[in-house]
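See structure below.
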Amino acid sequence: MAASIVKMLRVVADPNRLRILLLLKAEELSVAELQEILVMGQSTISTHLSQLKQAGLVEDRRIGKNSLYRLTSGNGNDVLTDLLARAQKEIPEAPHDRATARRVVKKRQDKMRAFFDSVAGRLGKDYVPGKSWKAMAEALLRLMPPQTIADLGAGDGSFSLLLAQSAEKIIAVDASAKMIEFAREQASRNHVKNVDYRLGDMEELPIDDASVDLVFFSQSLHHALHPDRAICEAARILKPGGRIAILDLAKHRFEEARDIYADEWLGFSEAELESMLEDAGFSKAHTSVVYKEDKPPHFQTLLAVARKAQ
């Protein structure tokens, strides 16, 4: 243990590597994003990251042709935690780094929102992987007494309109202003009055605590930058005993989905969904594959259902 601490202290003695660790503590970032924040060359950033990886302080996750870096999960290193807390106060560049990082991450979110703005009004006609009526019907059969439902990442509002037929109230949230505008027009044309459309992010919901009975993610969670945070937000807005339902793609390797559909994640495994639900305080989680596509790349749809504690 002493040797690993000595190695760690030797690596983090460089102030720039401390700046990188502070940034990665708050957010997954690519080499290009770290370059933009720290105003350093690619080779310099890559060298720092390589040394941090060798020390076991940083790990990476492949995203298409690039990688996102973050602090090693489950590190449990009290020395590092204390060191970063002190560095946050002592490194003069830290506040500027944090502010720049927020702008850089916002660019990534804006790119995703631009995709949905560009296809507003076409999602019901164009192909969307994993979005099938069979999968939706499977969920509805399990979940549909009259209640207040939050449809998160509601898109063009088609699913909200379907749910509205039996629900007392639907709160439909989406990050695309054009999607919200289109969904409201669609509800008006169909004389649906129990859907409340709200512009907002899945990770910072414009919904009060403990105010809904059911939260639904329908092929939207893989667009969240931090799916675990979105699920925690779902727990916050649910009443005690309320339920969460997630319809999403099973983990796949169709990398083109990142560019074609603005996907942030290539689906999830059943274990990943159950782990995120458990960490957010949900119990009685049940996951299963409810749909398999015949055509390549043979997307599969997972349904995960769980309950918030009373």
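The values are calculated or read from the model by the stated rules, or taken from the named source; none is laboratory data. Because the structure is a prediction, the values reported are computed rather than measured. Because the Cβ atoms are built from the backbone with ideal geometry, glycine has one as well, and the counts that use them run over all protein chains shown. Heads up: the accessible areas ignore ligands, DNA and RNA and are worked out on the full protein's heavy atoms, side chains in. Shrake-Rupley method; radii C 1.70, N 1.55, O 1.52, S 1.80 Å.
See the values below:
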{"item": "Percent accessible area from carbon and sulfur atoms, the chain, protein chains only, probe 1.4 Å", "result": "51"}
{"item": "Alpha carbon centroid spacing (whole Å) that separates segment 224-242 from segment 262-294", "result": "13"}
{"item": "Residue-span extension gain [H286 to E256] - 0.36 nm each, minus C-alpha spacing", "result": "7.9 nm"}
{"item": "Contour minus Cα-Cα distance for N66 and R189 (0.36 nm per residue)", "result": "39.9 nm"}
{"item": "On Cα atoms only, tilt of 227-237 relative to the major axis of the chain in degrees", "result": "60"}
{"item": "Within-11-Å neighbourhood charge of S176 [Cβ basis; K, R +1; D, E -1]", "result": "-4"}
{"item": "Cut-off 12 Å between beta-carbons: net charge of the residues surrounding Q42, Lys and Arg +1, Asp and Glu -1", "result": "-2"}
{"item": "Surface per residue (accessible, 1.4 Å probe) for the chain, Å²", "result": "50"}
{"item": "Longest exposed-site-free window of the chain, the sites being trypsin sites (Lys or Arg not before Pro) in a DSSP loop that have at most 14 other C-beta atoms within 10 Å", "result": "126-192"}
{"item": "Subset of K169/K295; K131/K193; K53/K107; K25/K111; K65/K308 violating a 28 Å alpha-carbon distance limit", "result": "K169/K295; K65/K308"}
{"item": "Residue-averaged [θ]222 nm for the chain, counting only DSSP H segments that reach four residues, each worth -39500 (n - 2.57)", "result": "-13500 deg cm²/dmol"}
{"item": "Local electrostatic count, A235, Cβ distance below 12 Å [Lys/Arg +1, Asp/Glu -1]", "result": "+1"}
{"item": "Listed values (i) 1.10; (ii) 1.07; (iii) 1.01, entry calculated as Rg/Rh (Cα atoms, Kirkwood Rh)", "result": "(iii)"}
{"item": "Nitroxide proxy distance, nm - points 7 Å out along Cα→Cβ at R108 and Q88", "result": "2.0"}
